[in-house]
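A quick write-up on the structure given underneath.
The values are calculated or read from the model by the stated rules, or taken from the named source; none is laboratory data. Remember, predicted model here, so these are calculated numbers, not experimental data. With ideal geometry, Cβ positions are generated from the backbone for all residues, glycine too; neighbour counts draw on all protein chains shown.
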Amino acid sequence: MDKLKSLLSFTQKQQTNLGFGLICPCNDWNFVYGNVCLLVPALALLISSYMLSNKTWKLFTGLCLRKSKLFRFNYAIGFLCVFLQITTTAVALLRGVYFECSMTGANITLFRRNLCNEKFPHCRTELEKFPCDGTAIPQSERVAVLSIIRAESQVLGWILIGSVMTFTFLLTCTARCYSPISYMQLKFWRMYTQKESEFLDNYTAQHAEKLAKRNISSFFDLTKPIPMKSPPRQAWEKISSFYKFRSMDQYYSILHKHVCTCEDLENPVVRPSVRSENDFSNPAALAFVDEGKLVL
């Protein structure tokens, strides 16, 4: 719920900032301009959310060297990213200004006929000028037509929001229904992954600071560096892979499994043959395990 609130707040701020820069051209470019302003920000947010996702980079890092990971592409597609894009579009539709600019430039005879309805003589021929002030079109005629378009935009926005919320609810119910993990353990599991991600970030920053300070000190003091222990490359590779759920195990993350099962933490051995390429699907309720914390 906290993630949902943060997403909605972020989306509203983004749409408010973009709305101030909207200047409908009031000519043949209305349709293109309105659609670009309506859809491109949502696409940009979708790409940004994928860029901020841990799953995306777990998938693509080293992808060209291990082409078998291509089969895991569907695992990295997060519903949260798509939800953010749809929410952005829905909020834009509720505001109505993008849809208003777009539809006044739509060269669709049936749409213009139903919208104008023979009551507004200037409507069909000068519809693209309606969003702008200072025209020869009567104010009452402009307001009446634009009110209809904004009402249609808001109806579409609420339908989109209702559809997304219904789909999200059904998807969550299905994931929980088929979950092999109990509700309280899922709650603990989610809390553990968040804390592990926070501690990993803190320890990584502290260790990087110590290592950098040691190297700089050794360089300027012209002395040999003091030995420091750091996880080897194989260990980083191990904890960068995807988590695979097995009912007989009691590991809450890939890092948890690594530190508990690796016989020699200083010299871990990566065995590709141990990885199962056929059965990689985790329960949907555990989709949060590889994600860590949300970055916005």
Inset, instruction - Can you tell me which residue within the range 23-48, out of those that are over 23 Å from Thr125 (Cα atoms) and surrounded by fewer than 17 Cβ atoms within 10 Å (Cβ to Cβ), is modelled with the highest pLDDT? - result: Val36
Legend entry - Index of the failed condition, Ser179 passing every other in (1) more than 30 Å from Phe83 (Cβ to Cβ); (2) not in a helix (DSSP H, G or I): (1)
Inset, instruction - Considering (1) hydrophobic (A, V, I, L, M, F, W, C); (2) assigned by TED's automatic domain parsing to the domain that holds His256; (3) part of a loop (DSSP other than H, G, I, E, B), say which one Phe188 fails and leave the rest. - result: (3)
Inset, instruction - Examine the range 222-232 for a residue that is at pLDDT below 80 and more than 30 Å from Ala175 (Cα to Cα), and state whether such a residue exists. - result: no
Inset, instruction - Could you list, in sequence order, all residues of the range 174-231 that are under 25 Å from the mean Cα position of the chain (by Cα) and small (Gly, Ala, Ser)? - result: Ala175, Ser179, Ser197
Legend entry - Unmet requirement for Arg190, which otherwise passes all of (1) touching a residue at least 60 places away in the same chain (Cβ under 8 Å); (2) touching a Pro at 6+ places or on another chain (Cβ under 9 Å); (3) charged (D, E, K, R): (2)
